[in-house]
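K.L.:
Below you will find the structure I want to go over with you.
The values are calculated or read from the model by the stated rules, or taken from the named source; none is laboratory data. Given the structure is predicted, the values throughout are model-derived calculations rather than measurements. With ideal geometry, Cβ positions are generated from the backbone for all residues, glycine too; neighbour counts draw on all protein chains shown.
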Amino acid sequence: MAGIYIHIPFCRQACHYCDFHFSTSLSKKQPFITALLKELELRSKDWRTEKVETIYFGGGTPSILDTGELNQILEQVHSFYHVSKEPEITLEANPDDLKTEQKYLDLKNAGVNRLSMGIQSFFDRDLKLMNRSHDAGEAQYAIELATKHFENVTIDLIYGTPGLSDLDWIRNIELALGYGVPHISSYALTVEPKTALEKFIERGAVSPVDEEQAERQFRILTDKLNTAGYIHYELSNFGKPGFFSKANTGYWLGKKYGGFGPSAHSYDGTRRSWNIASNPVYIKKLLNDELPSESEVLTVIDRYNEYIMTGLRTIWGVDLERIKKDYGVEYLEYLKKESSSQLENGLLELQEIEGRSVLRTTSKGRFLADGIASSLFFIN
């Protein structure tokens, strides 16, 4: 079983915190679609034995596609790949692209059955700080329409933004809960290198990100969503039963996935590949029937470290039997030794789940999951 990720590298404007690959010029959108269709065709021979269970449109801003373009891409996937009978098809969307009921109907008719809404905040002050292309009113209207036409809706929220009080953060959460969305993804604001946000902070125009504020608001989030019946199944993701993201869950559990479009990554269990992060070069190469990608074979150490990183972010944790089976006794003994102090200080716990010993972060350690994981990496 596998998933397909399709990167749409266009946005109407640049968010100040974003370091993903995108362009705010739409002049190459049609040549990009042509190149993407070619990539889907050229790489299909490597997927003959795989059944595709999930198709995920990320970006960038996939909702920038019109109905015809979206249909073209999905028809190409169905033509060249073995797609399951009822695949999860997710499309990331910005509220300012979804202003009419007809747009939702068009998405649904194309086959999209899961909407991922980039809300980020219900306060205009925060949206201006982030340079989002929508305002709070558009955000609320978009969620009203999304939940009217789609059962499976997830929204993104960002906490830890400069000036965001705990009371306003609680208000953000309560507004989201009021719409009954079955899934919420929430992330701490991160200052990425070479972003506008980094430059604003360096110049003193924006206050630095406060780690204590971020951790406090993370705990507010987890308390409120757990009380509301959401399962905290991954560090940044909360879902009602039956509404976990199948695409992202596949990634965290180590399933194969193919990434298409500029900068997209793929994984087949032992090899990772990635496309060039340049729209013009991506287009040029594919129009010449060349794949614009590089790849590397992952070492045992690479695969072990990646499993530790993804496992400790999720409720499934790190299966000690899998460590022994897939990586060897040496790695199991190393993990036991390196995790002993984290077990003693209450950041990690060992649980028996269906007869297997599983290492997981505790509620105390969950916010620190990435740092804990890196302390357990095997270094040659």
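K.L.:
Any idea which residue in the stretch 44-66 is surrounded by the fewest Cβ atoms within 10 Å (Cβ to Cβ), counting only those that are assigned to a helix (DSSP H, G or I) and of a type in the set (S, T, Y)? So that I can check it myself, show each step before the final result.
P.N.:
Initial filter on the stretch 44-66 (assigned to a helix (DSSP H, G or I)): 44-47, 62-64.
If we keep only those that are of a type in the set (S, T, Y) too, we end up with 44, 63.
Values: S44: 16, S63: 27.
Only one residue fits best here, namely S44.
K.L.:
Output the residues belonging to the stretch 266-284 that are surrounded by 15 or more Cβ atoms within 10 Å (Cβ to Cβ) and either assigned to a strand (DSSP E or B) or touching a strand residue (DSSP E or B) at 6+ places or on another chain (Cβ under 9 Å) (or both).
P.N.:
Correct list: S266, Y267, D268, R272, S273, W274, N275, I276, N279, Y282.
K.L.:
Tell me which residues, restricted to the stretch 316-357, are β-branched (V, I, T) and under 30 Å from L189 (Cα atoms).
P.N.:
If we filter the stretch 316-357 for residues that are β-branched (V, I, T), which is where we start, we get 318, 323, 329, 353.
Across the stretch 316-357, the qualifying residue is only V318.
K.L.:
What tally of residues in the stretch 16-28 results from selecting those that are surrounded by fewer than 19 Cβ atoms within 10 Å (Cβ to Cβ), touching a residue at least 40 places away in the same chain (Cβ under 8 Å) and within 22 Å of K284 (Cβ to Cβ)?
P.N.:
Selection size over the stretch 16-28: 3.
K.L.:
Quick check, is G118 in the same structural domain as S236 (by TED's automatic domain parsing), part of a helix (DSSP H, G or I) and either at pLDDT 95 or above or over 17 Å from D156 (Cβ atoms) (or both)?
P.N.:
Details: in the same structural domain as S236 (by TED's automatic domain parsing): yes; part of a helix (DSSP H, G or I): no; either at pLDDT 95 or above or over 17 Å from D156 (Cβ atoms) (or both): yes.
Spelling it out, it is not the case that G118 is in the same structural domain as S236 (by TED's automatic domain parsing), part of a helix (DSSP H, G or I) and either at pLDDT 95 or above or over 17 Å from D156 (Cβ atoms) (or both).
K.L.:
Given the condition among the small types (G, A, S), touching a residue at least 60 places away in the same chain (Cβ under 8 Å) and not in a strand (DSSP E or B), answer yes or no: does some residue in the stretch 330-343 qualify? Full working, then the answer.
P.N.:
The first filter runs over the stretch 330-343 and keeps only residues among the small types (G, A, S), leaving 339-341.
Among the residues that remain, those that are also touching a residue at least 60 places away in the same chain (Cβ under 8 Å) are: none.
Among the residues of the stretch 330-343, not one is among the small types (G, A, S), touching a residue at least 60 places away in the same chain (Cβ under 8 Å) and not in a strand (DSSP E or B), which makes the answer no.
K.L.:
Identify the single condition in (1) part of a loop (DSSP other than H, G, I, E, B); (2) in contact with a Phe, Trp or Tyr (Cβ under 9 Å, 6 or more places away or on another chain); (3) crowded, with 17+ Cβ neighbours inside 10 Å; (4) of a type outside the set (A, V, I, L, M) that E151 does not satisfy, given that it satisfies every other one.
P.N.:
Only one criterion in (1) part of a loop (DSSP other than H, G, I, E, B); (2) in contact with a Phe, Trp or Tyr (Cβ under 9 Å, 6 or more places away or on another chain); (3) crowded, with 17+ Cβ neighbours inside 10 Å; (4) of a type outside the set (A, V, I, L, M) is unmet by E151, namely (3).
K.L.:
Does R48 satisfy being more than 30 Å from I201 (Cα to Cα) and modelled with pLDDT of 95 or more?
P.N.:
Working: more than 30 Å from I201 (Cα to Cα): yes; modelled with pLDDT of 95 or more: no.
No; evaluated as a whole, the condition is false for this residue.
K.L.:
While we're on this one: Whether any residue in the stretch 86-99 is in a helix (DSSP H, G or I), in contact (Cβ under 8 Å) with a residue 24 or more places away in the chain and out of contact with any strand residue (DSSP E or B) (no Cβ under 8 Å at 6 or more places or on another chain) is what I want to check. Before you say what the answer is, go through the steps one by one.
P.N.:
So in the stretch 86-99, the residues in a helix (DSSP H, G or I) come out as 95-97.
Then keep just the ones that are in contact (Cβ under 8 Å) with a residue 24 or more places away in the chain; that gives 95-97.
Within this subset, residues satisfying the condition of being out of contact with any strand residue (DSSP E or B) (no Cβ under 8 Å at 6 or more places or on another chain) are 96-97.
Among the residues of the stretch 86-99, at least one is in a helix (DSSP H, G or I), in contact (Cβ under 8 Å) with a residue 24 or more places away in the chain and out of contact with any strand residue (DSSP E or B) (no Cβ under 8 Å at 6 or more places or on another chain), which makes the answer yes.
K.L.:
Can you tell which of T34, T100 is at pLDDT below 95 and surrounded by fewer than 17 Cβ atoms within 10 Å (Cβ to Cβ)?
P.N.:
Values: T34 fails: at pLDDT below 95.
After applying the criteria, what remains is T100.
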